């Protein structure tokens with residue numbers, strides 16, 4: 001019995017394929033066809049050819065072979081005379097061995113050929129699937145950095161939007177998935193990255209992937225880039241711009257498929273240029289120049305968009321210590337250190353005169369100028385001392401890097417530092433929404449955002465919500481991420497739970513207002529993911545690409561198994577039949593080439609995993625045959641029976657584990673990823 005071990009390890013969010021039943025059925029069919037064809041060629045009587053295993057649902061006999069469709073669709077088997085995993089005694093039955101058409105009567109090389117034929121067939125079909133996919137053209141995310149998560153390894157190494165990774169540890173890469181896989185399978189060892197910045201300057205950086213608090217695999221904290229094209233709406237409820245934003249209120253309006261070719265007099269060629277221009281001109285109304293589907297060649301549509309103010313709550317928190325510093329940044333060159341606290345900037349007190357939330361934009365506005373920082377530095381065994389440091393910000397827009405997850409700090413891109421806001425209120429604006437509700441010294445312990453936007457975003461959930469809460473206490477410094485999510489909401493309200501200086505706890509409701517002097521770079525435009533086409537110009541070139549992809553896929557599966565065994569990769573990364581079915585269903589909608597790539601992946605996955613030396617699988621049978629070939633005798637019936645039962649127990653346990661993970665960890669039946 002060839003159990004299809006569903007060890008599909010998702011190293012990134014792999015999405016979209018065709019119906020799982022069709023994909024799995026085809027791959028399993030070709031695998032069993034290999035066994036069947038070679039068995040017939042060796043004149044072995046094949047009693048049953050089954051897709052699936054367990055109770056038989058449909059069966060039809062042609063000649064001496066019964067063809068069946070069985071209940072459990074995650075495998076299949078070719079039952080030959082003298083070979084039955086459910087009855088190991090047949091392998092040592094002398095009567096069956098005397099039958100010239102039994103499996104056991106054949107020579108060791110013949111039985112090796114029969115056993116290995118399924119795996120060989122999967123390698124061949126995998127190569128063919130990949131070749132046809134590459135000949136048709138496969139769209140993949142290029143190895144271009146879209147965002148680097150604040151404080152994560154990629155950010156610390158100084159990688160930024162628009163940087164292209166060309167080599168990892170000397171090996172050329174072609175897709176963003178190569179970065180994801182190399183990180184996940186690194187085991188925490190440093191990766192040498194070579195490439196070019198968005199401006200075309202070569203770089204060579206060393207990045208050490210790490211495991212985050214809620215992560216199950218090593219990551220460097222980078223995301224693929226988006227394009228400068230607005231997505232076409234998937235349905236009537238989706239829009240290419242965020243409702244309630246200046247982009248949504250523009251006239252003429254944006255359409256799905258619009259491609260941004262310029263802003264004002266600036267030509268725009270990529271996402272990195274777009275971000276920087278919007279950050280630099282965040283206070284100004286700008287005119288987007290877009291090329292629209294259906295418009296005449298060279299014709300552009302001008303769309304004027306107003307600036308987008310921040311929602312403000314009318315108070316400033318205290319600034320926390322520096323959490324992280326980027327390599328090669330002005331902060332590093334000026335000898336700022338992790339653990340330093342900035343208390344004054346050009347003589348202005350941080351917290352009372354300068355709001356820590358405003359600092360990303362403040363430093364961007366002072367690019368090229370010498371700025372005096374008064375910092376407080378703590379040294380072991382000594383009293384904290386105050387120091388003055390001069391620093392010159394570079395041209396990097398503020399609030400381009402946002403704290404998009406819990407416990408993520410805020411960054412100042414212009415000087416290359418990351419910091420948290422403290423939970424203590426430093427100043428309350430006299431005419432702001434928090435006036436008479438908060439006062440300096442109050443300590444925030446919880447932030448609750450209330451908005452109908454949450455209801456809209458969770459409409460497919462079993463329990464739609466209209467609010468989200470963030471703890472702000474020891475070990476949960478979520479003021480930054482709560483503030484950032486607040487900016488994405490249309491008409492929000494905020495409940496703050498605070499503890500006063502006198503120790504009293506209270507909850508206050510604040511309705512944010514638009515700050516007429518503080519603007520964010522994003523105008524509300526949604527952008528579709530950036531992709532490139534990998535295509536062989538002829539069958540020969542497509543075949544070469546397929547061979548390389550097959551070799552890399554097989555190597556990565558072995559590396560994944562090694563990482564699982566060494567616990568450098570969490571077992572929670574495994575997906576089972578339902579996970580594969582979901583992936584299969586989604587990719588189907590992306591086109592025939594993606595479907596072929598999925599079939600190729602499954603074929604190589606099945607080939608590698610089925611040849612592992614596990615009893616019941618092809619690799620386990622091959623171990624027995626090697627033993628027989630070397631010693632000249634078969635393993636005893638007791639040894640074979642024990643090994644097969646252990647193998648069955650292992651495979652069934654693994655199957656139950658991945659199904660459990662699909663249902664309860666990945667939550668595939670409740671809208672999980």
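The values are calculated or read from the model by the stated rules, or taken from the named source; none is laboratory data. Values in this document were obtained by computation on a predicted structure and should not be read as measured data. Using ideal geometry, Cβ is built from the backbone for each residue, glycine included, and neighbour counts are taken over all protein chains shown.
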Picking from 154, 133, 184, the residue that is in contact with a helix residue (DSSP H, G or I) (Cβ under 8 Å, 6 or more places away or on another chain) and within 21 Å of residue 408 (Cβ to Cβ) would be 184
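Looking at 322, 342, which is the one that is within 27 Å of residue 383 (Cβ to Cβ), surrounded by 20 or more Cβ atoms within 10 Å (Cβ to Cβ) and over 33 Å from the mean Cα position of the chain (by Cα)?
Details: 322 fails: over 33 Å from the mean Cα position of the chain (by Cα).
The conditions single out 342.
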Filter the helices (runs of 4 or more DSSP H) completely within the range 576-673 down to those with at least 2 residues that are at pLDDT below 80 and not assigned by TED's automatic domain parsing to the domain that holds residue 559. none
Of the conditions (1) in a loop (DSSP other than H, G, I, E, B); (2) within 18 Å of residue 336 (Cα to Cα), the single one that residue 403 does not satisfy is (2)
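Which residue, of 406, 395, is outside the structural domain of residue 199 (by TED's automatic domain parsing), touching a helix residue (DSSP H, G or I) at 6+ places or on another chain (Cβ under 9 Å) and surrounded by fewer than 15 Cβ atoms within 10 Å (Cβ to Cβ)?
Going through 406, 395 in turn, the sole match is 395.
Hey, among 328, 320, which residue is assigned to a loop (DSSP other than H, G, I, E, B) and either modelled with pLDDT under 95 or not assigned by TED's automatic domain parsing to the domain that holds residue 481 (or both)?
328
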How many residues of the range 361-375 are within 16 Å of residue 334 (Cα to Cα) and touching a residue at least 60 places away in the same chain (Cβ under 8 Å)? The answer is 0
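From the list 522, 495, which one is part of a loop (DSSP other than H, G, I, E, B) and touching a strand residue (DSSP E or B) at 6+ places or on another chain (Cβ under 7 Å)?
Numbers: 495 fails: part of a loop (DSSP other than H, G, I, E, B).
Answer to the check: 522.
Identify, from the list 427, 473, 439, the residue that is modelled with pLDDT under 90 and in the same structural domain as residue 348 (by TED's automatic domain parsing). Spell out the reasoning first.
Working: 427 fails: modelled with pLDDT under 90; 439 fails: modelled with pLDDT under 90.
Sole residue among the options that is modelled with pLDDT under 90 and in the same structural domain as residue 348 (by TED's automatic domain parsing): 473.
Go through the range 468-492 residue by residue and tally those that are part of a strand (DSSP E or B), out of contact with any strand residue (DSSP E or B) (no Cβ under 7 Å at 6 or more places or on another chain) and closer than 14 Å to residue 315 by Cβ.
Selection size over the range 468-492: 0.
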Residue that is farthest from residue 221 (Cα to Cα) [pool: residues in the range 112-140 that are in contact with a strand residue (DSSP E or B) (Cβ under 7 Å, 6 or more places away or on another chain) and surrounded by 21 or more Cβ atoms within 10 Å (Cβ to Cβ)]: 118
Out of 174, 186, 105, report the one residue that is modelled with pLDDT under 90, outside the structural domain of residue 626 (by TED's automatic domain parsing) and surrounded by fewer than 20 Cβ atoms within 10 Å (Cβ to Cβ). 174
